[in-house]
Structures are given as C-alpha cells and as structure tokens.
Amino acid sequence: MRQPARSRQSSAGKRQVILRVAREEFASHGFAATRVETLARKARVNKALLYYYFGSKLGLYKHIIHDGVDRFAARMREVAEAPATAEEKLARWVEALATHLTDEPTLPLMMLRELADGGSHLDAETLRELTIFVPLLRSLIEQGQHEGVLAT
C-alpha cells in the first residue's frame, strides 16, 4: 500500500536532516567521537530510523563522504573537460574549488580528519573517485603548456 505524499515527503525530509546533522557532527568531532544517539537527538529522529536509512554509523559516514567527493569530482571534471582555453579552465578551476569549499564546508574538515585517521573509513569506490583529480589537473597543465600559457 502506498504512503500518502505527505508521509513520503516527511521521510525524505528526515533523511536530509539526518545527513545535515551528521555532516556537521562528523566534521566537528570526527567519526570515532560522533555518537549515533547524538545524531538521532539532534536530527529529532529515533536511532532505528537512522539505521533504517544507512545501516550503521559507518554506512552513514561513508555515504556522506562518497556523496561529497562525487559531487566535488563532478564539478571539477566539468571544468576540466569544458571546451575552453587552459587559461579559462584554470580560472574556472580555482573558482569551482572555492565555490565547492564554500558550499560544502564540512567536506574538507571530514577529509582532513579522515586523513589523520589513516583513511580507514574510506571505501574503494570513494578512493577511486579521489584519484580523478590528478589526471584532470595533469590534463589542464598539459593543455596550458601546449597553448604556451604555462611554462614546461
């Protein structure tokens, strides 16, 4: 039986609140120090709903990291692969980087904490997505060298 539209929207809204609260808590306190009880209380949901959506605290954390890295990679890929001169792309790259860090200030904090923890909570798919930045930037630099904008 289908739920009424208001109930479905409410569920989607609760999920978004959980994600927002979790991003803030993980960025402020790190994975180990963040408690599911605190997340549930601040999101105004019960722990069972959090587990229903994400399976575990680690599942929630991995979802947030992967989603953030995926959005960041997509933004930077769009800049690097756009039909433009290297000079334009470099300016857009810096602008896109600044915009992303402004739009999603919790991601760099979470990534720095994760780095300090040795990357132990990152899954293989997220690690693969992180490797996209090196070839994108290399391609941009090579284009700049070819166009004579960057020294070889």
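Quick one: which of Ala91, Ala43, Ala96, Ala74 is under 23 Å from Ala124 (Cβ atoms) and of a type in the set (A, V, I, L, M, F, W, C)?
Numbers: Ala91 fails: under 23 Å from Ala124 (Cβ atoms); Ala43 fails: under 23 Å from Ala124 (Cβ atoms); Ala96 fails: under 23 Å from Ala124 (Cβ atoms).
Testing whether each residue is under 23 Å from Ala124 (Cβ atoms) and of a type in the set (A, V, I, L, M, F, W, C) leaves just Ala74.
Taking region 80-94 on its own, how many of its residues are surrounded by 13 or more Cβ atoms within 10 Å (Cβ to Cβ) and without any contact (Cβ under 8 Å) to a residue 40 or more places away in the chain?
Adding up the residues that qualify gives 4.
Count, please, the residues in region 51-69 that happen to be closer than 17 Å to Thr126 by Cα and exposed (fewer than 14 other Cβ atoms within 10 Å of the Cβ).
Matching residues across region 51-69 total 2.
Got a sec? Which helices (runs of 4 or more DSSP H) wholly within region 1-113 have at least 3 residues that are touching a His at 6+ places or on another chain (Cβ under 8 Å)?
57-81
Looking only at region 36-50, count every residue that is surrounded by fewer than 18 Cβ atoms within 10 Å (Cβ to Cβ) and either touching a residue at least 12 places away in the same chain (Cβ under 8 Å) or small (Gly, Ala, Ser) (or both) and tell me the total. Don't jump to the end; show me each part of the working.
Pass one, region 36-50, residues surrounded by fewer than 18 Cβ atoms within 10 Å (Cβ to Cβ): 36-38, 41-42, 44, 46-49.
Narrowing the set further to residues that are either touching a residue at least 12 places away in the same chain (Cβ under 8 Å) or small (Gly, Ala, Ser) (or both) leaves 36, 38, 42, 44, 48-49.
Qualifying residue count, region 36-50: 6.
Throughout, read-outs are computed from the coordinates displayed, never taken from laboratory work. Model, not experiment: these values are computed from the prediction. Note that each Cβ is placed from the backbone with ideal geometry, even for glycine, and that neighbours are counted across all protein chains shown.
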